[in-house]
Amino acid sequence: MAETSSNNGGTDEVLVEESASVRTFILNRPKQLNALTYQMGNGRAFCAGADVTAIVHNVTGNWVLIILTSGTPYLCDGNTYSKPQVSILNGIVMGGGLGASVHGRFRVATEKSVCAMPETALGLFPDAGASFFYSRLPGFFGEYAGLTGARLDGAEMLACGLATHFVPSERLPLLEQALAEGNTSDPDVISAIISRFSNMPKLKAESPYHKMKIIDRCFSRRTIEEIISSLEIEALNKKDDWIFSTIQSLKKASPTSLKISLRSIREGRLQGVGSCLIREYRMVCHVLRGKFSKDYFEGCRAILIDKDRNPKWEPSRLELITDDDVERYFCKIDDEDWEDLKLPPRSNLLPYAIAKL
């Protein structure tokens, strides 16, 4: 086993197990839910995304240095790895954790999987390629999940396409052994191996996936204001706790985040994954620079640091944000120390890789 160097209290943040045919990457920051750092699972999370608390604590005025850390998920997403990647999502999969797995060819969910992109509640937006994979979910389910930060379980991940297989957690050791012994890079063979251990889970009665008609009616609207208005009309016609909680999630989120998130997902429908990553990196640079809005830092303060859960967004209302305000997040940054994201070349070292907690 090869181990990376790290700042994780002397413990390696990424463990690498290597055989003649398979390289297994194990994220190893369990106390931090495997939040991504520049150096990077064990525990109850596959990956909870970027370590945003560390980013906020390390703000020293040089926003370019912050970008070097926060941009890590863009460089380690599965899309930059040419070999078939098998991601075993047995636990919490949030934010950049989705970006590090969903772009891979095989995503194995379990009954313990919990996935979400809760960025709009933090003053950010679904990134790490989310505008690519959310825009390709059935109907407008991606807009719903991305704007509200809805949590999905393993069955829902499989139903909407975020996962390709569902394997009970008790069968994972046998699956990993079979994959290691498979010694093949043939996607059809890998899929057949995983399918031997898979089953078809049943969606819960209260699953939002059963609400697709309402989701498509409301989240297909052109603007955030129209989405909320259409949900409120639905609420008048039908008493439904899910509709109410969806409206509340949108109203609690950063107005700026909602607007740039909706545009990002809509643009993602017409772009490849590489273009989405480059655009999202540009957007996150603007967010961390804080020139147009400091909602990200306020959201992290309210949700993750002080935990009063009462962020003071600025601007505070959707109607105060113009189309020109949104457009600024999609433009290049005028700073001599800044440059657009350059994706690394694909690796061709091994037949396939396994990523797990």
Notebook entry, point to check: Among the residues of segment 197-205, is there at least one that is open to solvent by 40 Å² or more (accessible area, probe 1.4 Å), part of a helix (DSSP H, G or I) and either at pLDDT 95 or above or out of contact with any strand residue (DSSP E or B) (no Cβ under 8 Å at 6 or more places or on another chain) (or both)?
Noted result: no
Check: Quick one: how many residues across segment 218-250 are surrounded by fewer than 13 Cβ atoms within 10 Å (Cβ to Cβ) and either touching a Ser or Thr at 6+ places or on another chain (Cβ under 6 Å) or not in a helix (DSSP H, G or I) (or both)?
Finding: 3
Notebook entry, point to check: Can you name the residue in segment 313-357 that is open to solvent by 100 Å² or more (accessible area, probe 1.4 Å), in contact with a helix residue (DSSP H, G or I) (Cβ under 7 Å, 6 or more places away or on another chain) and not acidic (Asp, Glu) and, of all such residues, is modelled with the lowest pLDDT?
Noted result: Arg346
Check: In this structure, is Arg171 among the basic types (Lys, Arg) and more than 27 Å from the chain's Cα centre (by Cα)?
Finding: no
Notebook entry, point to check: Is at least one residue of segment 251-261 more than 18 Å from Thr120 (Cα to Cα) and part of a loop (DSSP other than H, G, I, E, B)?
Noted result: no
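The values are calculated or read from the model by the stated rules, or taken from the named source; none is laboratory data. Model, not experiment: these values are computed from the prediction. A quick note on method: Cβ atoms are made from the backbone with ideal geometry, for glycine too, and the neighbour counts reach across all protein chains shown. Areas reflect the complete protein model, heavy atoms only, side chains present, ligands, DNA and RNA absent. Shrake-Rupley method; radii C 1.70, N 1.55, O 1.52, S 1.80 Å.
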